[in-house]
1. Pairing rule first: another cysteine's C-beta must sit under 4.7 Å. Under that rule, which cysteines of the chain stay single?
2. What does the charge count near Met214 come to, summing +1 for each Lys or Arg and -1 for each Asp or Glu among other residues with Cβ under 15 Å from its Cβ?
3. Residue separation times 0.36 nm, minus the C-alpha to C-alpha distance between Asp421 and Asn103: what's the value?
4. When the chain is modelled as a GNM with alpha-carbon springs shorter than 10 Å, which of Ala174, Ala81, Ala119 fluctuates the most?
5. Need one word for the chain: rounded, prolate or oblate. Basis is the Cα gyration tensor (sqrt eigenvalues a ≥ b ≥ c); a/c below 1.5 gives rounded, then a/b vs b/c decides.
6. Give the percent of DSSP beta bridges with both residues in the chain that are antiparallel, rounded to the nearest 5.
7. Taking the highest mean first, how do the peptides 371-384, 310-323 order by number of other beta carbon atoms within 10 angstrom per residue?
8. Starting from the stretch 334-428, pick out the GluC sites (Glu not before Pro) whose DSSP state is loop and whose Cβ has at most 10 other Cβ atoms within 10 Å.
Amino acid sequence: MMRRLVFILVLLEIYIVKIAVGNKVDYSGQQVWRVTPNSPEEVKSLRELEEKFEVDFWTEPTSPGRFVDFRVKPKQFFELANALNRMSGYEIYISDVQSLIINEKLSHNKRKNLGKALASSVQAFDYSQYHPAKEVYQWMDLVTSEYSFATKEQFGVTFEGRPLYVLKFEKPSAKSKPTIVVDALIHCREWITTASLMFIFKEMLQNPSFTHMMDEVNWYFVPMINVDGYVETWIGDRLWRKTRSTGPNSNCPGVDANRNFDSYWSNEGASGNPCAFSYYGPTPESESEVRHLVKYVMGQGKIDAYVTTHSYTQLILYPYGYTSTPCADDAVLNATSKLMHDAMKAVHGKTYTYGPSSTTIYVTSGTTTDWSYDVAGIVQSYTFELRDTGRYGFILPADQIIPNGEEYLAGLEVLSNYVRDNYEGSGM
Ligand code: 0X9
Ligand code: ZN
């Protein structure tokens with residue numbers, strides 16, 4: 001009798017947690033392991049594991065000495081551990097992916113139940129939690145209703161028909177000003193990107209130490225490029241990365257939008273396999289989100305800096321992704337990155353490694369940053385990879401949103417000052 005009761009209670013608890021989490025894809029028992037290959041042969045063997053075990057790389061195998069994080073299913077533990085022990089061994093970084101997802105959802109629901117999710121003003125909005133797409137849209141409306149110089153412009157629709165918006169902050173000024181574009185969430189599982197930037201824009205609007213950034217620069221903020229994917233991460237698969245488009249030739253939906261730009265679009269550092277996580281798509285700009293973003297940015301006047309936001313591993317990356325040949329502006333981008341690094345480190349002591357993308361991490365093609373630099377002609381083009389360095393990876397706890405936002409804000413302030421000081425505006 002007692003046993004039966006315990007059994008029923010356990011089932012009930014599993015059911016309640018399942019309802020609370022709500023996501024259809026369950027990662028129970030799955031882990032994230034870290035391996036640091038010691039030789040080019042070990043890098044190659046790790047790449048082959050992807051084919052053999054279908055592991056999900058959270059950071060890719062690239063070069064000896066650079067760590068690789070990947071998600072592993074329990075049924076693969078034994079065989080994979082044996083294979084890795086023949087190489088440099090491995091460390092368990094996340095012992096149960098699903099428990100991180102459950103904790104994230106439970107802490108969100110707890111705050112929501114306290115009524116904190118429903119905000120009546122930009123100031124009252126809860127920046128210390130993650131918000132689903134609907135609330136991010138509502139936040140944009142709060143901003144435009146409170147600040148007359150902020151406007152919301154629709155620049156397209158997603159594959160599933162959701163509106164794509166940019167928030168434009170253009171404070172009136174006697175002089176013409178430079179413009180910085182910042183985007184987030186092209187990889188929809190990287191929740192920290194949108195969350196930290198909403199906090200940052202609130203600070204730029206309300207914190208007297210940072211309002212100068214809006215006095216001196218116009219800001220165009222695209223908070224959710226991959227809205228369809230973001231919705232999927234809340235209700236379906238928390239670790240979804242790609243868009244949600246479906247093509248006639250595949251059972252695997254989605255394209256890696258950060259391989260879909262028309263800039264060195266190829267299978268170098270991207271995949272032609274529709275089921276791969278870095279699938280570059282059937283054609284460049286095949287994705288509605290990428291196509292509309294490109295058209296919109298190209299249709300604006302001069303843009304002085306373009307920053308695209310990702311997570312994780314704490315990096316400041318600049319062109320190129322597709323080649324290890326330094327770009328023409330390597331020296332200036334390196335110098336500005338160093339200043340951003342210093343300012344970010346001064347806030348909470350976190351290090352953001354900086355350098356050209358291809359040599360600092362790995363080769364990529366068809367990315368936002370190569371496109372903004374080479375096609376849109378914006379010299380100050382960066383990819384920021386936010387927190388952390390692997391303890392939580394993509395499932396960064398919400399209590400890090402504000403600290404991460406504070407340090408990213410310090411980096412953006414350096415960039416803001418840089419474009420201000422180097423601006424040769426029209427009509428001055
Ligand atoms: O691989 C990516 O798309 C980015 N890393 S992530 O873990 N967020 O997926 C890095 C892209 C870097 N590429 C350029 N800066 N060109
Ligand atoms: Zn990313």
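1. By the Cβ distance rule, which asks for a partner under 4.7 Å, the isolated cysteines are Cys188, Cys327.
2. On the way: positive: Lys168, Lys171, Lys175, Lys177, Lys202, Arg420; negative: Glu146, Glu170, Glu203, Asp215, Glu216, Asp304, Glu413.
My count for the surroundings of Met214 gives -1.
3. On the way: separation 318, 0.36 × 318 = 114.48 nm, distance 4.46 nm.
The span from Asp421 to Asn103 would gain 110.0 nm if fully extended.
4. Ala174
5. Oblate shape, in that a/c is at least 1.5 and b/c is the bigger or equal ratio.
6. Working: 23 of 45 bridges.
So the antiparallel bridges amount to about 50 percent of the total.
7. On the way: 371-384: 22.5, 310-323: 24.0.
Ranking the peptides 371-384, 310-323 by packing returns 310-323, 371-384.
8. On the way: sites: Glu385, Glu406, Glu407, Glu413, Glu424; in loops: Glu424.
Passing both the DSSP loop test and the Cβ count: Glu424.
The values are calculated or read from the model by the stated rules, or taken from the named source; none is laboratory data. In this text, all values refer to a predicted model and were calculated from it rather than measured experimentally. With ideal geometry, Cβ positions are generated from the backbone for all residues, glycine too; neighbour counts draw on all protein chains shown. Ligands, DNA and RNA are stripped out before the accessible areas are found, and what is left, the full protein with its side chains, is counted by its heavy atoms. Shrake-Rupley method; radii C 1.70, N 1.55, O 1.52, S 1.80 Å.
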